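Let me begin by presenting the structure, written as structure tokens, before commenting on it.
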Ligand code: PMP
């Protein structure tokens with residue numbers, strides 16, 4: 001009997017005992033190709049000496065110093081690195097221990113900013129239906145994933161949800177990408193006007209949607225339009241790059257590809273690459289200046305913020321990500337992986353869409369390719385695929401997104417950036433075997 005309260009109480013998890021590059025090894029010596037980086041976390045694989053040595057060295061000199069008393073060197077250095085790398089005047093960073101905490105900090109910062117500048121009526125948030133921003137109550141209220149929210153609805157603050165940019169499902173026949181992007185972005189304006197612009201604090205969105213819709217990238221111009229609308233009504237734009245940031249989509253920040261500058265950006269997973277738990281909220285100068293010239297105090301904090309060992313890990317991760325060759329390597333492997341996936345599954349009767357950016361790729365499964373009808377949720381295609389893949393020695397991240405109020409099945413592929421060409425081929429072979437096990441009728445066909 002285990003004394004651990006596992007999230008899935010009846011799941012029979014193997015015991016992970018070692019990490020080796022792109023693989024995790026279990027207690028029976030089985031090797032699993034980590035094609036999802038856990039949940040888009042392990043961008044450098046599981047045995048990066050540079051990061052490990054940095055954490056060990058930090059623990060040997062200063063394991064912890066509470067930020068209520070001290071700043072510390074890795075904390076200051078990491079802030080320098082991230083703000084130098086982030087395009088636009090996002091020159092300040094607030095460090096926390098994970099993605100949900102980064103979102104909570106961003107939401108509260110948005111709210112307090114409006115108090116600092118004398119607009120106390122602004123507290124409302126707008127987000128999108130197919131989105132996930134974390135599991136703490138504020139973050140959960142912000143996300144639109146109905147399956148994750150359902151049990152806690154009575155405890156959630158009232159956040160408005162507009163349509164996501166979900167071209168595969170929602171673009172009308174004959175509608176150009178540009179017109180589609182404008183149409184869905186304009187839902188933001190309609191909602192701001194409905195609520196009353198003077199009450200709206202922020203709009204929150206993932207530049208490339210991860211855990212709810214499987215690497216949904218926006219159409220060209222969508223975020224430019226969103227930025228214009230936010231500016232028109234004095235609403236802050238919070239971009240959640242917890243999953244899609246830190247190089248995952250081919251640029252360090254995903255928003256770089258949209259030609260806009262947000263007011264707040266959250267990052268986490270790839271920031272510590274799994275070597276330490278860490279998250280961060282990058283803050284536009286305009287907001288920081290309001291706090292500095294106002295109360296000089298942000299009414300929010302956690303014990304482990306700015307943890308020296310976590311920051312030391314993230315500094316070492318940044319050093320690796322900015323090495324020449326690392327980001328071009330993401331582009332190269334992305335091209336190879338997309339080509340291999342399209343070659344193998346492009347004609348699969350139950351793979352409706354293969355999409356994403358960089359090494360952030362989603363497969364959407366459908367019962368019928370022509371009608372795009374999702375599978376009956378009772379069949380649990382996503383969950384059984386995870387099991388079948390593990391049996392093949394492959395980790396992919398399954399998802400039950402919500403499509404038109406119903407669950408749909410996706411899987412997310414987000415391998416370490418160090419994946420080799422041979423491992424790309426191994427990934428696709430193992431995924432094909434797992435899909436055959438889950439959807440035997442397609443194999444027969
Ligand atoms: N935002 C996004 C976009 C995420 O994908 C996640 C985690 N999947 C979170 C926030 C929450 O992060 P964490 O699990 O570290 O709290």
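The values are calculated or read from the model by the stated rules, or taken from the named source; none is laboratory data. Fair warning: this is a prediction, and the values are worked out from it, not measured in the lab. No Cβ is skipped: glycine too gets one built from the backbone with ideal geometry, and neighbour counts run over all protein chains shown.
Things worth noting here:
- Within segment 271-312, if we keep just the residues that are part of a helix (DSSP H, G or I) and within 15 Å of the ligand (Cβ to nearest atom), the residue that is surrounded by the most Cβ atoms within 10 Å (Cβ to Cβ) turns out to be 271.
- Of all positions in segment 340-352, at least one carries a residue that is in contact with a strand residue (DSSP E or B) (Cβ under 9 Å, 6 or more places away or on another chain) and under 17 Å from residue 248 (Cβ atoms).
- Number of positions in segment 128-140 that are more than 11 Å from the ligand (Cβ to nearest atom), crowded, with 22+ Cβ neighbours inside 10 Å and either modelled with pLDDT of 95 or more or more than 14 Å from residue 210 (Cβ to Cβ) (or both): 1
- Which listed residue, of 110, 105, is in contact with a strand residue (DSSP E or B) (Cβ under 7 Å, 6 or more places away or on another chain), within 15 Å of the ligand (Cβ to nearest atom) and in contact (Cβ under 8 Å) with a residue 40 or more places away in the chain: 105
- Here residue 259 meets the list (1) out of contact with any strand residue (DSSP E or B) (no Cβ under 8 Å at 6 or more places or on another chain); (2) under 30 Å from residue 306 (Cβ atoms) almost entirely, failing just condition (2).
- Out of 337, 385, 332, one residue alone is part of a helix (DSSP H, G or I) and in contact with a strand residue (DSSP E or B) (Cβ under 6 Å, 6 or more places away or on another chain). It is 385.
- Tallying residues that are surrounded by fewer than 19 Cβ atoms within 10 Å (Cβ to Cβ) and within 26 Å of residue 417 (Cα to Cα) within segment 22-40 yields 8.
- Sole residue being without any contact (Cβ under 8 Å) to a residue 40 or more places away in the chain and either within 16 Å of the ligand (Cβ to nearest atom) or touching a helix residue (DSSP H, G or I) at 6+ places or on another chain (Cβ under 7 Å) (or both), chosen from 216, 125, 156: 156
- Boolean, residue 355 is touching a helix residue (DSSP H, G or I) at 6+ places or on another chain (Cβ under 8 Å), assigned to a helix (DSSP H, G or I) and either assigned by TED's automatic domain parsing to the domain that holds residue 432 or at pLDDT below 95 (or both): no
- Here residue 211 passes the criteria (1) part of a helix (DSSP H, G or I); (2) in contact (Cβ under 8 Å) with a residue 40 or more places away in the chain except the one numbered (1).
- Test: residue in segment 161-173 that is at pLDDT 95 or above and within 12 Å of the ligand (Cβ to nearest atom): no
- Unique match (being outside any strand (DSSP E or B), surrounded by fewer than 24 Cβ atoms within 10 Å (Cβ to Cβ) and free of Cβ contacts under 8 Å to residues at least 12 places away in the same chain) among 256, 323: 323
- In segment 47-56, the condition of being under 14 Å from residue 395 (Cβ atoms), in contact with a strand residue (DSSP E or B) (Cβ under 6 Å, 6 or more places away or on another chain) and modelled with pLDDT of 95 or more is met by no residue.
- Looking across 68, 29, one residue alone is more than 28 Å from the chain's Cα centre (by Cα), away from the ligand (no atom under 16 Å from the Cβ), farther than 15 Å from residue 275 by Cα and without any contact (Cβ under 8 Å) to a residue 60 or more places away in the chain. It is 29.
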